[in-house]
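Notes follow once the structure below has been shown.
Only the coordinates and a few stated rules stand behind these numbers; no lab work does. What you see is a predicted model; the values in this text were computed from it and never measured. Positions of Cβ are generated from backbone atoms using ideal geometry, with glycine treated the same way; all protein chains shown enter the neighbour counts.
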Amino acid sequence: MRQLAQLLKAGEISSQELVQRCLEQISKTDGEINAFITVDEQGALEQAAQSDERRAKGQTLSPWDGIPVAIKDNISTLGLRTTCGSRFLRNYRPVYDATVVERLQGAGLPILGKTNLDEFAMGSSTEYSAFGVTKNPYDTSRVAGGSSGGSAAAVAAGQAPWALGTDTGGSIRQPASFCGVVGLKPTYGRVSRYGVVALAPSLDQVGPMARTVEDAAILFSLIAGADPRDATSTGSPPFALPRWDPEVVRGLRVGVPEEFFSSGLHAEVEGAVRRALRRLEEQGAVLQPISLAGNEYAIDTYLTLVTAEASSCLARFDGVRYGERVPAADSNTMFAKSRGAGFGPEVKRRIMLGTYVLSASHYEAYYEQAQRVRTLIKLEVARAFEQVDVLITPTTPSTAFRIGEKRNPLEMYLSDLYTATANLSGVCALSLPCGWDSQGLPIGLQIMGNHFQEELVFQVARVVEASVERGAKGAV
Ligand code: GLN
């Protein structure tokens, strides 16, 4: 991104040309990839023209003024259709911008459009989108991951230099891993959720997706920071881009949780992650085996809580203010018909599960129990960070799977095996490419850092990035 900023500054390229190039790449590739639900050609070009004007007057809003961005379609954009990947909201236009969108616009970034996702961010493959599956730019017979599959694929296919995603149980990191890009799930509370359509408010975070660690750090610096409009936003200081220092890994204590290298982990994924670990060791890091036994319960705990919170959050979609109405004689029938027609099967499944675990007779056995286990997982992660500075694991058990391969929802849920713990404990976690499998598919490595340790995580990621060979096979 520094290069693009430099070119813009030197007047060698304009923001309008940049946007034009992205739009051309989108029109060339998106018929196949399907990363976008809405492309805002006119809006993006207008914003780019304004950026060029500001620059001509010497009034740029940030060094990144004029560099376009793509936004996941569960993040509200004023007047620009925000569907959440759902039929129910296919014509919904928000009346305000999410704080993160406001901040990006405040830095002068034109918005290219809204990217595809599993309906209401429930899923790991974008196969649950009402707008069709997003295909993996490395192999279009495979998924891009999810739920932020559109954002990951757009970045990988060169349609957008960077993008925003959201991550509740892995939805930034898993697609980043499948598409060979960098994605960060920030510390809970570090980025405002105001205007982000909630899946599970106690877990959701917005984060950056980009081609390099530095680009992800830059995008993160533009969105991080306190927001009085989000009650769960912490008063953390804004994030400033660090001075990169490869020496940070000297003496760095790297925890390697054995439970994340369990059976079910593909050998090539394990091999690539272990190679990256060895390289860190050669550069002075101290590897420390560590146990996070609670991870065994992470998926069950996550699913119980995510369905409970989702069933409650999705109550507002009833055809009255939100969601397309199916007219009926009385209001109860209207609610039922509208919800029945609007929601897809995965959303319905989760609403039913969530309603069940919150029902008076099962609340204690499921919801309360899951909260207790969440606390234990949190404590265990906190104890781990007393012993080590970062934790390194694979991001996902496998590389991108085939479209249609995971028919059983339980199998799909297992995609979050290594990612849900960061959401449950609130810590930050980043995925970056650490190699390619024998089929040319990207492999992701996850670096977890303690609360508000994004800077350290980025620093370590930058060192890992520098030591990884580029894949032989590129994306489209
Ligand atoms: N795959 C997870 C799920 O389906 C993650 C979703 C997310 O992070 N938004 O719940």
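For the chain, the mean projected area of the C-alpha convex hull, equal to one quarter of the hull surface, is 21.5 nm².
Working note: Debye formula, equal point scatterers on the alpha-carbon atoms of the stretch 139-227, no solvent; log10 I(q)/I(0) at q = 0.10, 0.16, 0.18, 0.23 Å⁻¹ is -0.22, -0.55, -0.69, -1.07.
Could you tell me what fraction of 2.2 N^0.38 Å the Cα radius of gyration of the stretch 291-387 comes to, as a two-decimal ratio? Output field value: 1.41. Rg over Rh for the stretch 360-476 works out to 1.05, using Cα positions for both radii and the Kirkwood form for Rh.
Per-residue 3J(HN,Hα) values for the stretch 133-138, derived from phi via the Karplus relation 6.51 cos²θ - 1.76 cosθ + 1.60 with θ = phi - 60°, read 6, 8, 9, 6, x, 7 Hz in sequence order (x marks Gly and Pro). In terms of its C-alpha gyration tensor, the stretch 14-96 has an oblate overall shape, because the principal axis ratio a/c (a ≥ b ≥ c, square roots of the eigenvalues) is not below 1.5 and a/b does not outweigh b/c.
Near Glu368: Cβ cut-off under 15 Å, other residues only, Lys/Arg at +1 and Asp/Glu at -1. The net charge is -1. One way to sum up the overall shape of the stretch 167-279 is the equivalent ellipsoid from its Cα gyration tensor, whose semi-axes run 28, 19, 14 Å, largest first. Highest mean packing comes first when the peptides 52-59, 386-393, 412-419, 273-280 are listed by Cβ atoms within 10 Å, giving 412-419, 386-393, 273-280, 52-59. With all pairs of different C-alpha atoms in the average, the Kirkwood value for the hydrodynamic radius of the stretch 39-188 is 15.4 Å.
Normalised by the number of residues in the stretch 361-455, the mean separation of alpha-carbon contacts (under 8 Å, six or more apart) gives a relative contact order of 33 percent. Here the stretch 326-381 was treated as a single set of alpha-carbon atoms; its pair distances binned every 5 Å from 0 give 4, 17, 14, 15, 16, 13, 9, 6, 4, 2, 1 percent.
Restricted to Cα atoms, the stretch 232-377 shows a radius of gyration and a Dmax of 23.1, 72 angstrom.
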